[in-house]
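Presented below is the structure to which this report refers.
The values are calculated or read from the model by the stated rules, or taken from the named source; none is laboratory data. Quantities reported herein were computed from a predicted structural model and do not represent experimental measurements. All Cβ positions, glycine included, derive from the backbone under ideal geometry; neighbour counts span all protein chains shown.
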Amino acid sequence: MTHHHLTEETKPSLAPTRQLTLRFSSTRRGARLARRLAVQQFTEWTGLPYDSDPARAAALVTAELASNAVRHGSLPGRDFRLTLHLLPDRFRIEVTDTRPERLPPPVTPRPADETSGRGLLLVEAYADGWGRTVRDAYTKTVWAEVWIRTTD
């Protein structure tokens with residue numbers, strides 16, 4: 001079992017030790033690229049392998065947040081923004097879209113045949129915390145955090 005220690009420059013604080021922001025087209029392809037990039041960045045920053053539980057959780061959560069932004073949050077011609085933060089003990093994924101008035105519905109268990117809203121149940125299951133922020137009249141950000149730890 002190998003332990004990955006963050007460098008001592010990453011003293012515990014809320015300030016991200018690393019941050020990356022990219023824009024993607026509000027398309028299924030954009031959502032796929034966002035997911036791929038998030039996992040690549042996660043493994044690069046943490047040293048954890050692609051098949052580790054935290055990397056898989058980051059992939060799944062990013063895929064859901066990005067596809068939600070594409071499905072519900074986009075105006076024609078507008079991109080969505082993916083921001084990744086490496087915090088001392090967790091990886092934070094933020095997806096910002098251009099529809100602040102369309103907040104994600106509250107997460108409630110639903111019958112299996114209903115697909116809308118199921119994605120946020122997945123986010124709730126795999127993320128260690130998530131929420132939404134509306135900072136201005138033009139955008140909304142849905143964020144989720146994945147703890148950086150391995151269970152083996």
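Quick one: Asp51 ticks every box in (1) without any contact (Cβ under 8 Å) to a residue 12 or more places away in the chain; (2) closer than 15 Å to Thr139 by Cα; (3) not β-branched (Val, Ile, Thr) except a single one, so which number is it?
Only one criterion is unmet by Asp51, namely (2).
Just one of the numbered conditions (1) buried (at least 18 other Cβ atoms within 10 Å of the Cβ); (2) at pLDDT 85 or above; (3) out of contact with any Lys or Arg (no Cβ under 6 Å at 6 or more places or on another chain) is not true of Gly129; which one?
(1)
Looking at region 67-74, can you tell me whether even one residue there is at pLDDT below 95, among the polar types (S, T, N, Q), more than 22 Å from Gly129 (Cα to Cα) and part of a loop (DSSP other than H, G, I, E, B)?
Within region 67-74 (the criterion being at pLDDT below 95, among the polar types (S, T, N, Q), more than 22 Å from Gly129 (Cα to Cα) and part of a loop (DSSP other than H, G, I, E, B)), the answer is yes, since at least one residue qualifies.
Look through Thr62, Thr108, Thr83 and report the one residue that is of a type in the set (Ser, Thr, Tyr), outside any helix (DSSP H, G or I) and modelled with pLDDT of 95 or more.
Of the residues listed, the single one that is of a type in the set (Ser, Thr, Tyr), outside any helix (DSSP H, G or I) and modelled with pLDDT of 95 or more is Thr83.
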